[in-house]
1. So, in the stretch 100-126, how many residues would count as being surrounded by fewer than 16 Cβ atoms within 10 Å (Cβ to Cβ) and either in contact with a Cys (Cβ under 7 Å, 6 or more places away or on another chain) or polar (S, T, N, Q) (or both)?
2. If residue 208 satisfies all but one of (1) in contact with a Ser or Thr (Cβ under 7 Å, 6 or more places away or on another chain); (2) within 30 Å of residue 100 (Cβ to Cβ); (3) open to solvent by 50 Å² or more (accessible area, probe 1.4 Å), what's the number of the condition it fails?
3. Sort through 192, 186 and tell me the only one that's out of contact with any Gly (no Cβ under 6 Å at 6 or more places or on another chain), under 16 Å from residue 217 (Cα atoms), of a type in the set (Gly, Ala, Ser) and within 13 Å of the ligand (Cβ to nearest atom).
4. Would you pick out the residues in the stretch 137-171 that are acidic (Asp, Glu) and in a loop (DSSP other than H, G, I, E, B)?
5. With the structure loaded, tell me whether residue 32 is modelled with pLDDT of 95 or more, more than 15 Å from the ligand (Cβ to nearest atom) and either at negative phi or crowded, with 20+ Cβ neighbours inside 10 Å (or both) or whether it fails that test.
6. Which of the following residues is in a loop (DSSP other than H, G, I, E, B), within 12 Å of the ligand (Cβ to nearest atom) and among the small types (Gly, Ala, Ser): 26, 37, 62, 68?
7. If I filter the stretch 221-244 for residues that are polar (S, T, N, Q) and surrounded by fewer than 16 Cβ atoms within 10 Å (Cβ to Cβ), do I get at least one hit?
8. Starting from the stretch 122-137, take each residue that is under 17 Å from residue 160 (Cα atoms) and list its partners that are of a type in the set (A, V, I, L, M, F, W, C) and in a helix (DSSP H, G or I), counting only C-beta distances under 7 angstrom and pairs at least six apart or across chains.
Amino acid sequence: MPRPMVHLAARPHAARVLVLGGTAEGRSLAEALQRNGIDAVSTLAGRVARPRLPVGEVRIGGFGGVAGLVSHLREDGYTHIVDATHPFATRMSEHAGAAADRTGIPIIRLARPGWSHDPRATTWHWVSTLDEARERAEGLGERPFLTTGRQTLDHFHPWRNRPVLVRVVEPLEEPPPAWTIILDRGPYAVAGEQELMCSHPVDVLLTKDSGGAYTSAKLDAAHALGVPVVILRRPGGREDIPQTSNVTGVLDWLGVADG
Ligand code: NAP
């Protein structure tokens, strides 16, 4: 039976929040919502075998496109959507925006700030596509360290005979024999990153502008070692959807006084 829509400002406890997660921010938000007694469900795509689970109720797996998400939102009586997916999870964000349009359910984007404000950002090689990243890196080094994620690796197939260091969360099916695959996930420490980048050794780092502290140690390590950085710009999002970079911003938007 669908739950009735309510005005949160009048009855904060009556909110039901869908948190599209898969990020540290999504997990922090789930904690804050639970702490404040807000009914919330976090969702994960289900790509990782052993995901870090947020507290509270969790739903794993896609919705089946915009239509599936619209049905889910209606059937489960959600009053609010928080898109806390990774800055590069563009399809899920597009679907969330479209589903919010179709249902009239308010939505906010929770996204960590990018690294473009880092004082060293002007020394990095900013690119807009993965192919551009590959081409730029070819002019900078011969032993790349690829940290752009499993789903990007097809773009680097021209490097299948090179000594590439690749770090991913989940095992790859048939990586090129010349590649060294490291299975790991953040948070990372600078000392460990430096050790890794020296022991292999790498001479150019490729990354997305993921932002946040979880994976930023590689940038410090690259700086210390004089390794050039090729960095993929963030895809643009919808400007008509409100955006915040922290959990407090979401609580304010919900009209919840953090207690
Ligand atoms: P994507 O390309 O934007 O989404 C592909 C499909 O996966 C979506 O259409 C949706 O399937 C499903 N999906 C994605 N995020 C979901 C979520 N939080 N809850 C339920 N279904 C979700 O996403 P992606 O780039 O593959 O990322 C997948 C997940 O990993 C996201 O949750 C993201 O926050 C996290 N992540 C991504 C990156 C990255 O670099 N892309 C890095 C770290 C973490 P349906 O169409 O069937 O609904």
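The values are calculated or read from the model by the stated rules, or taken from the named source; none is laboratory data. Model, not experiment: these values are computed from the prediction. Note that we place each Cβ from the backbone using ideal geometry, even for glycine, and neighbour counts take in every protein chain shown. Note: accessible area is taken over every heavy atom of the protein model, side chains too, but ligands, DNA and RNA are not part of it. Shrake-Rupley method; radii C 1.70, N 1.55, O 1.52, S 1.80 Å.
1. 3
2. Unmet condition: (3).
3. None of the others qualify; the one that does is 186.
4. 142, 170
5. Details: modelled with pLDDT of 95 or more: yes; more than 15 Å from the ligand (Cβ to nearest atom): yes; either at negative phi or crowded, with 20+ Cβ neighbours inside 10 Å (or both): yes.
For residue 32, the condition - modelled with pLDDT of 95 or more, more than 15 Å from the ligand (Cβ to nearest atom) and either at negative phi or crowded, with 20+ Cβ neighbours inside 10 Å (or both) - is met.
6. 62
7. We begin by selecting, within the stretch 221-244, every residue polar (S, T, N, Q); these are 243-244.
Filter again for surrounded by fewer than 16 Cβ atoms within 10 Å (Cβ to Cβ), leaving 243.
Looking for residues that are polar (S, T, N, Q) and surrounded by fewer than 16 Cβ atoms within 10 Å (Cβ to Cβ), one finds at least one in the stretch 221-244, hence yes.
8. The qualifying pairs are 134/156.
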